[in-house]
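Report on the following structure.
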Amino acid sequence: MDFRTSTVAELSSSVRRGTVSARELTQHALARIDEVNPQVNAFVAVDADRAMEQAAAVDQIVAAGGDPGALAGLPVGVKDSEDAAGYPTRHGSALFDGAPAAVRDSALVGRLRAAGAVVVGKTNLPELAWTGHTDNSRFGLTRNPWNLTHSAGGSSGGSAAAIAAGMVPLATGSDGGGSIRIPSSCCGLSGMKPSHGRVPAGGAEGAGWLGLSTKGVLGRTVADVVEALDAVVGPDATDLRSLPRPEANWRDALVEARVPVRVAWSPGLGYTHADAEVLRVCEQAVAALDAMGAEVEEVPSVFDTDPLDDWLVIVGARLLHTLEPYREQWDLVTPVLVSLARQAEALPATRLVEALDRCHELNLKLVSLFRKVRLLVTPTIAGLPPPNELGGQGVVNGTVDPNWVRLTYPFNMTRSPAATVCAGLSRSGLPVGVQLIGPQHADLVVLRSAAALEQQLGFEVLAPI
């Protein structure tokens, strides 16, 4: 058995028909974690007994003639910034070493369980989900299954690496600046950041990162991601941002997988450039769009300047709020996070308002673009998955570059639906992702396009681990 060679729908259907048990799938996940997690370090906590109890409950429903749900028996990992009942939520930080086990699931995890999924453990992330490289002083470095000397990306790097290594078929993630798309690209997966509010946050805490962050589910293919999203999208009364669900389901949308007639290709969005090797692979994907009948127009500039400073102001304000109760323990926190919190403390409130206004201005630019095209395509990240020895910095055209992830965060600021599809491998064997962005709330445009492109490219290579 290899989770990477069967679709989520096939695995779940097998459980629902009784040809494979949920316990068998869970046992395979646990065995695979035991086998490869010591090398990859994707999971930071596993509870085999609890997982097998959940799996047994699914099998009992099947034996009684019931339907456990669309994700019946599927083992899932939960990013360690997300509550899962029975596990402490430690955010990759020593600040939360003594955190008690969560007594209830987050809205996302609860919906996955309600659809029959089995939680097997928690996955790694950088401290407080801050960066595009998954490493922290508490649990250490997550390695890329394609090449263990390279980064798995972040901040949902543990989830992406777990899927790429065949430990689980699905895992949760969140994306406040690219944290689903970056690790999906680094690990050769298809990933999706839904429109903000599609997957509700809900519960006792407010929206993450002042509305920049949204939740999602990572899988190997677009179809796998959609199968999971179909079980979790929809409003929640405790989430002020949550959106109604106008479509009956998203799975049927993939039957009509296609690309729009008019597509914009922007290699650097107007304020940056990508590595030549990244562009070489992404341009093959652009050629595939053209071969599928899309009229592809190159758009050199979408935004006038890099919005990083404004993004950092918003993130810094939320970070200060998170760290404030632990001020006497800031010596335990990654120094760059403390620095960002202190900078936020020194800024006037009007600077935060200016940064939020910049989100509006960026969206106006996209509105103008989407009057002419239906889809925007860019590289997902500016460089290849970087060597771990660089400690989170990347490499672009041979130069060390700390901001190798600068093509993703603008679309958190605009709240746009955005996906990544593996466009192929670099000459050194590392995955390269191409990013697809759609108009406001046009999740199905992005998903249909991503599915169609994925099928056209036909990338079926598995990580060598």
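So the values come out like this:
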| item | result |
| --- | --- |
| Scan of segment 125-141 for residues that are within 18 Å of the chain's Cα centre (by Cα) and either of a type in the set (F, W, Y) or outside any loop (DSSP other than H, G, I, E, B) (or both), ordered by number | E127, L128, A129, W130 |
| Selection status of E389, closer than 30 Å to S428 by Cβ and not in a loop (DSSP other than H, G, I, E, B) | yes |
| Matching option when the condition is more than 21 Å from A129 (Cβ to Cβ), surrounded by fewer than 16 Cβ atoms within 10 Å (Cβ to Cβ) and aliphatic (A, V, I, L, M), among A237, A264 | A237 |
| Residue check, F459 assigned to a helix (DSSP H, G or I), aromatic (F, W, Y) and touching a residue at least 12 places away in the same chain (Cβ under 8 Å) | no |
| Odd one out for L243 among (1) crowded, with 18+ Cβ neighbours inside 10 Å; (2) modelled with pLDDT under 90; (3) over 19 Å from the mean Cα position of the chain (by Cα); (4) among the aliphatic types (A, V, I, L, M) | (2) |
| Some residue of segment 39-51 being under 25 Å from E10 (Cα atoms), at pLDDT 95 or above and polar (S, T, N, Q) | no |
| Count of segment 93-118 residues which are touching a residue at least 60 places away in the same chain (Cβ under 8 Å) and in contact with a Phe, Trp or Tyr (Cβ under 8 Å, 6 or more places away or on another chain) | 1 |
| Checking P260 against (1) assigned to a loop (DSSP other than H, G, I, E, B); (2) under 29 Å from V400 (Cα atoms), the condition it does not meet | (2) |
| Subset of segment 394-430 [touching a helix residue (DSSP H, G or I) at 6+ places or on another chain (Cβ under 6 Å) and of a type in the set (F, W, Y)] | Y409 |
| Count of segment 73-92 residues which are without any contact (Cβ under 8 Å) to a residue 40 or more places away in the chain and under 17 Å from the mean Cα position of the chain (by Cα) | 1 |
| Filter result (closer than 24 Å to T142 by Cβ, surrounded by fewer than 17 Cβ atoms within 10 Å (Cβ to Cβ) and not aliphatic (A, V, I, L, M)) within segment 7-43 | D34, E35, P38, Q39 |
| Only listed residue being of a type in the set (S, T, Y) and assigned to a helix (DSSP H, G or I), chosen from T272, T322 | T322 |
| Odd one out for Q329 among (1) buried (at least 16 other Cβ atoms within 10 Å of the Cβ); (2) in a helix (DSSP H, G or I) | (1) |
| Conditions (1) within 30 Å of L11 (Cβ to Cβ); (2) surrounded by 21 or more Cβ atoms within 10 Å (Cβ to Cβ); number of the one not met by E256 | (2) |
| Hey, V46 of a type in the set (A, V, I, L, M, F, W, C), touching a residue at least 12 places away in the same chain (Cβ under 8 Å) and touching an Asp or Glu at 6+ places or on another chain (Cβ under 6 Å) or not | no |
| Which numbered condition P307 misses (of (1) over 22 Å from S195 (Cβ atoms); (2) surrounded by 15 or more Cβ atoms within 10 Å (Cβ to Cβ)) | (1) |
| Residue check, G177 farther than 20 Å from C422 by Cβ, of a type outside the set (S, T, Y), modelled with pLDDT of 95 or more and assigned to a loop (DSSP other than H, G, I, E, B) | yes |
| Among (1) buried (at least 24 other Cβ atoms within 10 Å of the Cβ); (2) part of a loop (DSSP other than H, G, I, E, B) - the single one D224 does not satisfy | (2) |
| Unmet criterion (only one of (1) at pLDDT below 95; (2) over 18 Å from M413 (Cβ atoms)) for A294 | (1) |
| Residue count, segment 191-226 (criterion: in contact with a Gly (Cβ under 7 Å, 6 or more places away or on another chain) and hydroxyl-bearing (S, T, Y)) | 1 |
| Residue match in segment 159-170 (condition: in a strand (DSSP E or B) and without any contact (Cβ under 8 Å) to a residue 60 or more places away in the chain) | no |
| Residue match in segment 417-427 (condition: within 30 Å of P200 (Cβ to Cβ) and either over 19 Å from the mean Cα position of the chain (by Cα) or surrounded by fewer than 23 Cβ atoms within 10 Å (Cβ to Cβ) (or both)) | no |
| Residues within segment 345-386 that are in contact (Cβ under 8 Å) with a residue 40 or more places away in the chain, farther than 13 Å from I437 by Cα and part of a loop (DSSP other than H, G, I, E, B), tallied | 7 |
| Where a residue in segment 130-153 is at positive phi and its partner, wherever it lies, is in a loop (DSSP other than H, G, I, E, B), with Cβ under 6 Å and at least six apart | G140/N41; G153/G132 |
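The values are calculated or read from the model by the stated rules, or taken from the named source; none is laboratory data. All figures in this text were calculated on a predicted structure; none of them were measured in a lab. FYI the Cβ positions are ideal-geometry reconstructions off the backbone, even for glycines, and counts take in every protein chain you see.
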